[in-house]
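Following: one structure in structure tokens, then a few remarks.
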């Protein structure tokens, strides 16, 4: 069977503890429950459990229980017979049948109805089930790896999750740490995602992040965990116009309104009546030169940090980038002009 293309990245103590638990559980033929916040890599943990087990060359199938209505989820997992419902023109093998001998990953398990939980419990206990609309009892050998970000013990106490299913699933539980609990892994993860995005953008080489940009990444709490970090890194690279310099701007919030704080440009000092300037014969050219000089001066004072420069001038970031391109003031444009 094809190996997964993604891997779990990091060397923190918190992650190492989870990976050690996965390695211990992988060869044991028992159900596994993977618990963690959204974006912590629960699907990658399931991949690792499967490929480290004796089932590695058998099917690994995956289903998101939250993505399907109850009746469709039942058909998807357990299959259906011809005529079981309107539109069922032929018999359908469910994922448990197709995963026979291998592993089935059930993501967002807490969203499964109590009725389907009962059917799942019987399959885990005895390996038996019937297709939807069928009478024949089928037998399969499937290892179930389930994942959730919900508090299943609390749901069981509230009568929203079957306690007997919880007992059967929780032979052992793998807890995946949130990214804020493994901050030392952020630089390595950011570099990994940046190199991938650089290749997608056609960049010859990724130049890294500035110290300030990396501090921004490391200080952010990342409520969306690794998925949010990946999005932020990829977004920041594609918006960064100069692929010959380290990325200095991290775009954490794509919903931030770039025009929300625009108050107009800073006042420009013009010659007074006692200090007449040279005679102006081309108004547009003169104003362009004033605009360019102001931009050059402010960029220099802010270390060519475009977002800080935009804030100093009362411009939005997009307005700032447009003016920098207009006057050829980006580092890449200056290098091209110099050569």
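Length gain on complete extension for the stretch residue 200 to residue 252, per 0.36 nm per residue less the alpha carbon to alpha carbon distance? Can you show the working numbers first?
On the way: separation 52, 0.36 × 52 = 18.72 nm, distance 2.02 nm.
This chain segment gains 16.7 nm when fully extended.
Distances longer than 15 Å among the Cα atoms of the range 121-217: what percent of all pairs is that?
76
With r as the distance between the Cβ atoms of residue 9 and residue 98 and R0 = 22 Å, compute the FRET efficiency 1/(1 + (r/R0)^6) and round to 0.05.
Efficiency computed from Cβ-Cβ geometry: 0.15.
Order the peptides 146-155, 280-289 from the highest to the lowest mean number of other Cβ atoms within 10 Å of their residues. Please list the in-between numbers first.
On the way: 146-155: 17.8, 280-289: 10.0.
Top of the packing list down: 146-155, 280-289.
If each residue's Cβ is checked for other Cβ atoms within 10 Å, how do 226, 186, 251 rank with the fewest at the top? Spell out each step's value before the answer.
Numbers: 226 25, 186 22, 251 19.
Fewest-to-most ranking of 226, 186, 251: 251, 186, 226.
Test of understanding: what is the full-extension gain from residue 319 to residue 72, defined as 0.36 nm times their sequence separation minus their Cα-Cα distance?
Roughly 84.0 nm would be gained on extension.
Can you list, bin by bin at 10 Å, the percent of alpha carbon pairs in the range 13-177, starting at 0?
Final binned percentages: 11, 40, 36, 12, 2, 0.
If you stretched the chain out fully between residue 149 and residue 51, how much longer would it get, using 0.36 nm times the residue separation minus the C-alpha to C-alpha distance?
Details: separation 98, 0.36 × 98 = 35.28 nm, distance 2.30 nm.
Answer, rounded to one decimal: 33.0 nm.
What nm distance separates the two modelled labels at residue 286 and residue 191, each placed 7 Å from Cα along Cα→Cβ?
Placing both labels 7 Å along Cα→Cβ, they lie 5.4 nm apart.
Could you give the spread of the C-alpha atoms of the range 183-256 along their three principal axes, from largest to smallest, in whole angstroms?
Sorted from largest, the Cα extents of the range 183-256 read 32, 27, 20 Å.
On C-alpha positions alone, give me the angle between the axis of helix 42-51 and the longest principal axis of the chain, in degrees, nearest 10.
50
Under a point spin-label approximation (7 Å from Cα along Cα-to-Cβ), what is the residue 173-residue 296 distance to one decimal in nm?
If labels sit at residue 173 and residue 296, their model points lie 6.4 nm apart.
Can you give the FRET efficiency to the nearest 0.05 for residue 16 and residue 241, using r as the Cβ-Cβ distance and R₀ = 51 Å? Could you put the intermediate results ahead of the total?
Values: r = 39 Å, r/R0 = 0.76.
Taking R0 as 51 Å, the efficiency between residue 16 and residue 241 is 0.85.
Relative to the first principal axis of the alpha-carbon coordinates of the chain, what is the inclination of helix 317-326, with its axis defined by its Cα atoms, in degrees from 0 to 90 and to the nearest 10?
The angle comes out near 50 degrees.
Taking R0 as 45 Å, what's the FRET efficiency between residue 29 and residue 311 from their Cβ-Cβ distance, rounded to 0.05? Let's see the in-between values first.
Numbers: r = 59 Å, r/R0 = 1.31.
FRET efficiency, residue 29 to residue 311: 0.15.
Dividing the convex hull volume of the alpha carbon atoms of the chain by its residue count, what do you get in Å³ per residue?
On the way: hull volume 70.9 nm³, N = 339.
Residue-normalised Cα hull volume stands at 209 Å³.
Would you compute, from DSSP H runs of 4+ residues alone, the mean residue ellipticity of the chain at 222 nm, taking -39500 (n - 2.57) per run and dividing by the full residue count, rounded to the nearest 500? Working shown, then result.
Values: 14 runs with 147 residues, N = 339.
Mean residue ellipticity, 222 nm, calculated: -13000 deg cm²/dmol.
Throughout, read-outs are computed from the coordinates displayed, never taken from laboratory work. Worth saying up front: this structure is predicted, and the values here are computed from it rather than measured. Using ideal geometry, Cβ is built from the backbone for each residue, glycine included, and neighbour counts are taken over all protein chains shown.
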